[in-house]
Amino acid sequence: MKRFGAAFLMSIVASFAAVAHAGDQNITIKKTLERLSGRWTWTGKQADIGAEDSPYGQAGEFFGSGEGRLIMDGQFMIDEYQETSPEGNVLTGISLISYDPVRNCFVSHDCMSDGSTSISEFTIEGRIRKDRITITGREGGTLLARVTGEYSRDWRRLHVTWEGSTDSGRTWRHWCTAVLEKSGISAEAAEESISLIPSPRSTGRTREGNRRRERLPVIDMHVHAYAEEGYDPEAVLGGLVASASPEAVFKETYDEFRKWNVTKAVVSGPLDSVEAWKAKDDDNRILRGVILLGPNDEQLDPVRFARLVKKGKIQVYGEIIPTLSGSRISDPEWQPYLKICEQYDIPVALHTGGAPPAVKGTSTSKSRRLLDDPFLVEDVIVNYPDLRIYLCHSGMVYHERVLVLMSYYPRIYSDLGYVLWGDPLSRRYAREFLAKAKEAGCLKRVMFGSDQMQWPKSIGMSIEYLNSLEFLTEEEKRDILYNNAARFLRLEE
């Protein structure tokens, strides 16, 4: 059984069905499913309970997403999902969910890509959810699970705790905890769903408070364009499969911009590829960057670089990745370009913190992880006091050093490219960095970035993951998603 997704979604429905009059039950189920179908994402941490035949992997962090659609006049739901295990393995599956009036509960039948199957029965009282699950592994072993969870008042968030048994229920051990988030539901739909549950007192909500809200704007400081040469359409990362071609990367990324209301995005890549994107930028969302491993890539000398800057063909100098050429940003060959950036007030996007080995092109014979150390930029910060610079990936493994620089130098910003979606270790870096940045008073200079690369769906995954972090306030999330970047880029109101 997919641990999180349609089955949990349907448990909300069970609570509504339980309070419905018998003659109106089918109508209530259908209406509720219409409001609750859609996309869920989840993140969690699991223990190793010794279930060798489990489809979910070993101890560590996992994440996933699922999307449900209604069938048969809204009385059933099919949910397709995927979950990435702590080892990075991707499990996909499909659920069929229906209501069983005899047992007075919902039942989910699941089939998974590794050959495992499961049956789950679940009910809910108030906002407390309970279920029993029988999982049959690919080798025929049986694993039992029992789950308790509690929904938020608006039914958009669910906290769950799992226990597992490998001995037919004689003993139970803690298995995992997780947080699930519903995306793409309007305030109006949420309020109407809640209104199906009788309440002894009025909530005091008004029609004005129930109006549909559009998605608030987002600025993505870390997007990439690609050329045909060297592109890998079969690459897999973070549970996502690469777009089929560089042209598909553009189309799917732009679709994500529109879906998530990304109003501005810094796009770096080969100059020709970035210019091709800009030519198709119907909504004027793209700020032109350039990706460079060495200062002379793209046949750039200082004269040509200054000319492109003055023409607006380069609006952000970066992402620059000196480590892949075996150099440091403080080396002499980079200095003429940094002087031009300072002179013309062009922001610099500097790669820090390494890269996942699974991503093609993120390591060369000259690259060394030591060269990803953000402390190597300090001479540049001191020597160019008017230079705007942001540290991509917030340093990843070096995130505490990024915070030191941000604390010493109030004009230094950072972005969250890749660390919100790529792999469990990077998401741990993101959580630790954001929590410490909040404590250090640096959150006003942390900017959203997806680093979508060949996987455009990571834009939405990154936004959803950031919004799931409960230690951040709504104001802090808005600052990261838009306000901080708008200030750094000096966008007009």
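The values are calculated or read from the model by the stated rules, or taken from the named source; none is laboratory data. All values derive from a computational prediction rather than experimental measurement. When we count neighbours, we look across all protein chains shown, and the Cβ atoms used for this are built from the backbone with ideal geometry, even at glycine.
Rundown of residues vs (1) modelled with pLDDT of 95 or more; (2) more than 23 Å from GLY318 (Cα to Cα); (3) not hydroxyl-bearing (Ser, Thr, Tyr), yes/no style:
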position	(1), (2), (3)
VAL382	yes, no, yes
LEU403	yes, no, yes
TYR409	yes, no, no
TYR413	yes, no, no
PRO424	no, yes, yes
LYS436	yes, yes, yes
ASP451	yes, no, yes
TYR465	no, yes, no
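The set of residues in region 76-109 that are among the acidic types (Asp, Glu) and over 25 Å from the mean Cα position of the chain (by Cα) contains only ASP100. Within region 455-480, the residues that satisfy the criterion of being in contact with a strand residue (DSSP E or B) (Cβ under 8 Å, 6 or more places away or on another chain) and β-branched (Val, Ile, Thr) are ILE459, ILE463, ILE480. Annotation: of all residues in region 41-77 being free of Cβ contacts under 8 Å to residues at least 24 places away in the same chain and part of a strand (DSSP E or B), the one that is surrounded by the fewest Cβ atoms within 10 Å (Cβ to Cβ) is ILE71. Of note, PHE488 satisfies the criterion of being touching a helix residue (DSSP H, G or I) at 6+ places or on another chain (Cβ under 8 Å), closer than 20 Å to SER268 by Cα and among the aromatic types (Phe, Trp, Tyr). Here ALA486 passes the criteria (1) in contact (Cβ under 8 Å) with a residue 60 or more places away in the chain; (2) buried (at least 24 other Cβ atoms within 10 Å of the Cβ) except the one numbered (2). Quick check: is even one residue across region 123-140 out of contact with any Phe, Trp or Tyr (no Cβ under 9 Å at 6 or more places or on another chain), modelled with pLDDT under 80 and crowded, with 17+ Cβ neighbours inside 10 Å? No; the residues of region 123-140 include none that is out of contact with any Phe, Trp or Tyr (no Cβ under 9 Å at 6 or more places or on another chain), modelled with pLDDT under 80 and crowded, with 17+ Cβ neighbours inside 10 Å. Here the helices (runs of 4 or more DSSP H) wholly within region 238-348 that include at least 1 residues being in contact (Cβ under 8 Å) with a residue 40 or more places away in the chain, buried (at least 22 other Cβ atoms within 10 Å of the Cβ) and not basic (Lys, Arg) are 246-260, 271-279, 335-344. I'd like to know if region 31-51 contains one or more residues that are over 21 Å from LYS130 (Cα atoms), polar (S, T, N, Q) and either modelled with pLDDT under 80 or touching a Leu at 6+ places or on another chain (Cβ under 7 Å) (or both). Checking region 31-51: not a single residue is over 21 Å from LYS130 (Cα atoms), polar (S, T, N, Q) and either modelled with pLDDT under 80 or touching a Leu at 6+ places or on another chain (Cβ under 7 Å) (or both). Identify, from the list ILE389, ILE459, ILE463, the residue that is over 13 Å from the mean Cα position of the chain (by Cα) and either assigned by TED's automatic domain parsing to the domain that holds VAL241 or within 24 Å of LYS45 (Cα to Cα) (or both). Going through ILE389, ILE459, ILE463 in turn, just one is over 13 Å from the mean Cα position of the chain (by Cα) and either assigned by TED's automatic domain parsing to the domain that holds VAL241 or within 24 Å of LYS45 (Cα to Cα) (or both): ILE389. The lone criterion from (1) modelled with pLDDT of 95 or more; (2) touching a Leu at 6+ places or on another chain (Cβ under 6 Å); (3) of a type in the set (A, V, I, L, M) left unmet by ALA358 is number (1).
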